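Report on one structure; see the data block that follows.
The values are calculated or read from the model by the stated rules, or taken from the named source; none is laboratory data. Note that the structure is predicted; figures quoted are calculated from it, not measured. All Cβ positions, glycine included, derive from the backbone under ideal geometry; neighbour counts span all protein chains shown. Please note that ligands, DNA and RNA were not included when accessible areas were found on the heavy atoms of the full protein model with its side chains. Shrake-Rupley method; radii C 1.70, N 1.55, O 1.52, S 1.80 Å.
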Amino acid sequence: QVQLVESGGGLVQAGGSLRLSCAASGSGFWLYTMGWYRQPPGQQRELVATITSGSSGDITNYADSVKGRFSISRDSTKATVYLQMNSLKPEDTAVYYCHARHDFVASVNYWGRGTQVTVSS
């Protein structure tokens, strides 16, 4: 069982930055692909970024809408994944969710409760 707790959301002006954190409890943090998803008001949840531990280092993946502005990273010693968000736009306003998917058993996955990010114009 893995529990995910997000933090770092808030209200920021367009062009500003925020860093989200997701602390994972439980064992085997290194066995999971960690990701950030978001759900804008009235829309479906969408992928923002993922990070997977590879033999040669972390492998990251980003939605086209955030490439060059957002950066995902993980600290295995703290079992925490981060999402650095720069050059924020009003369309980035959403509830951001942390997700963990087991690399070998895809059906094993967990969600955090989410953290609100609001970008004012």
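Charged side chains reduced to their Cβ positions (Lys and Arg at +1, Asp and Glu at -1) give the chain a dipole of some 120 debye around its Cα centre.
Using the 1.4 Å probe convention, the accessible area of the chain works out to 53 Å² per residue with neighbouring protein chains retained. Take the Cβ-Cβ distance between Arg69 and Ser25 as r, set R0 to 41 Å, and report the resulting FRET efficiency rounded to the nearest 0.05. Efficiency at R0 = 41 Å is approximately 0.90. The distance between label points at Ser17 and Tyr110 comes to 2.9 nm (points 7 Å beyond Cα on the Cα→Cβ vector). Amide H contacts for Phe70 (H built 1.01 Å from N in the peptide plane; partners 5 or more residues away or on another chain; cut-off under 5 Å): Asn86. Taking label points 7 Å from Cα along the Cα-to-Cβ direction, Asn86 and Ser120 give a separation of 2.4 nm.
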